[in-house]
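Notes to accompany the following structure.
The values are calculated or read from the model by the stated rules, or taken from the named source; none is laboratory data. Note that this is a predicted model, so its numbers are computed, not measured. Positions of Cβ are backbone-derived with ideal geometry, glycine not excepted, and every protein chain shown enters the neighbour counts. Protein only, heavy atoms only, side chains kept; ligands, DNA and RNA dropped before computing areas. Shrake-Rupley method; radii C 1.70, N 1.55, O 1.52, S 1.80 Å.
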Amino acid sequence: MLDVDFVRAQFPAFAEPSLQGQAFFENAGGSYTCAPVIDRLTRFYRERKVQPYGPFAASEAAGAEMDEARRRLSALLGVDTDELSFGPSTTQNTYVLARAFRQFMQPGEAIVVTNQDHEANSGPWRRLEAEGIEIREWKIDPGTGTLNPEDLEDLLDEKVRLVCFPHCSNVVGEINPVVEITALAHAAGAFVCVDGVSYAPHGFPDVGGMGPDIYLFSSYKTYGPHQGIMVVRRTLAEVLPNQGHVFNGATLTKKFTPAGPDHAQIAACAGMVDYIDALAAHHGCAAGEVHDLMRGHEVRLLQPLLDAVAGRNGVRLLGPKLAEGRAPTVALSLPRSAADAAADLVPHGIMAGGGDFYAQRPLQAMGIDPQRCVLRLSFVHYTSEDEITQLIEALDRVL
């Protein structure tokens, strides 16, 4: 089992006096930052805040640390080093990729998107419809929020060049079968883009083993700095048109990042792997097994919360009622304003959120009142059993 006391000791937020007594349940919007990331970021700004890759010592150290971040993170994800790129955000990375696909595709060819997605992995692709690309929507079940792979099969033909879907939704929470869906799309001759923003905080995935051509997530949700991390597998990266400076077209790590990189934040991303390695060493396991440690702890804490909210009068739980099939991102439709409910939780020491969380399409498809939206209660592996109890007791009072 995960040693939660050891985990929490790696996060300065839990020792911060101003946060004492408050339980953080808006992790889906961004996690606390682990100490190795903060240490690396501080060191970079103090000692290495110069143009990297120059001949002098500070510059050499800056470039080496940026390279270390890319090398170690790509190894953790099971992909080659030059298949991983950093950008200012996942939304921006997706927008750049959409422009590359527009140049790659012919009018009349098609992209499949879902209405389960956060807008970042839906909107940029949908905009291509105005430029002659056919957009096909893979729709969720309006009652459950589930994406059925059989429905995808009905959308696939020789015109489809790309299938975009989330590893899991940031409001439905259900974990989609990436390997199965990827295989279906590949069999039809399509590439696959997976939005992993809502999944990666719950354990870095084996992207290489799952098989998608693109995998996207945000490091500020995986205990790191504010960067978008983008895996584009070489087979696809080499054929997509260059979106960076003309002289960077032959460099895979630069051709989809037209904006200049944030040197310090890229370097600090190595701290995320430092943290995973520390967990592995403490628990006597391999770094790849930390994923299962995190998920096991989350599942154990999630089921009591799901049981506590599932049967309440007037409360609709979005997504599965069993913890094994979902991330610990719990969205509730209430008979009143979710934002007001989130505010009412504050005096009970609960930090949560109410709104649409840029997931207007799935909420609309599920018939959620756009004026009330949803109360979202989201946690990760550093959440303690006591905090779950605190949350459930607060919900008893507020709901």
>> What's the number of the only condition in (1) under 19 Å from Tyr382 (Cβ atoms); (2) out of contact with any Ser or Thr (no Cβ under 8 Å at 6 or more places or on another chain) that Leu306 fails to meet?
In response: (1)
> If you go through the range 48-69 one residue at a time, how many are surrounded by fewer than 16 Cβ atoms within 10 Å (Cβ to Cβ), out of contact with any Pro (no Cβ under 9 Å at 6 or more places or on another chain) and among the charged types (D, E, K, R)?
Replying inline: 1
>> I want to confirm something. Restricting to the range 276-287 and keeping residues that are touching a residue at least 60 places away in the same chain (Cβ under 8 Å) and more than 18 Å from the chain's Cα centre (by Cα), which single residue is nearest to Ala338 (Cα to Cα)?
In response: Leu279
> Do you know which residues across the range 351-388 are charged (D, E, K, R) and open to solvent by 30 Å² or more (accessible area, probe 1.4 Å)?
Replying inline: Asp356, Arg361, Asp369, Arg372, Glu385, Asp386
> Given Gly189, Gly145, Gly132, which one is open to solvent by 40 Å² or more (accessible area, probe 1.4 Å) and at positive phi?
Replying inline: Gly189
>> Quick check on the range 206-219. Is at least one of its residues without any contact (Cβ under 8 Å) to a residue 60 or more places away in the chain and closer than 16 Å to Ser89 by Cα?
In response: yes
>> Name the residue that is nearest to the chain's Cα centre (by Cα), counting only residues in the range 166-181 that are β-branched (Val, Ile, Thr) and open to solvent by 10 Å² or more (accessible area, probe 1.4 Å).
In response: Ile175
> Leu306 passes all but one of (1) part of a strand (DSSP E or B); (2) surrounded by fewer than 21 Cβ atoms within 10 Å (Cβ to Cβ); which number fails?
Replying inline: (1)
>> Checking the conditions here, which among Arg312, Arg300, Arg361 is of a type in the set (D, E, K, R) and in a loop (DSSP other than H, G, I, E, B)?
In response: Arg312
> Counting only residues that are within 28 Å of Tyr53 (Cβ to Cβ) and of a type in the set (Gly, Ala, Ser), which one in the range 259-286 is surrounded by the fewest Cβ atoms within 10 Å (Cβ to Cβ)?
Replying inline: Gly260
>> Among the residues that make up the range 245-258, is at least one of them without any contact (Cβ under 8 Å) to a residue 24 or more places away in the chain, open to solvent by less than 20 Å² (accessible area, probe 1.4 Å), assigned by the TED database to the domain that holds Asp195 and in contact with a Pro (Cβ under 9 Å, 6 or more places away or on another chain)?
In response: yes
> Just a yes or no: is a residue in the range 47-61 in a helix (DSSP H, G or I) and within 18 Å of Met272 (Cβ to Cβ)?
Replying inline: no
>> Of everything in the range 309-363, what is among the basic types (Lys, Arg) and over 25 Å from the mean Cα position of the chain (by Cα)? Give them in sequence order.
In response: Arg312, Arg336
> Just wondering, is there one or more residues in the range 16-39 that are surrounded by fewer than 17 Cβ atoms within 10 Å (Cβ to Cβ), at pLDDT 95 or above, closer than 21 Å to Ala267 by Cα and of a type in the set (D, E, K, R)?
Replying inline: yes
> If you go through the range 207-223, how many residues are part of a loop (DSSP other than H, G, I, E, B) and either open to solvent by less than 10 Å² (accessible area, probe 1.4 Å) or among the β-branched types (Val, Ile, Thr) (or both)?
Replying inline: 3
> Would you call Gly311 at pLDDT below 95, under 19 Å from Thr222 (Cβ atoms) and surrounded by fewer than 18 Cβ atoms within 10 Å (Cβ to Cβ)?
Replying inline: no
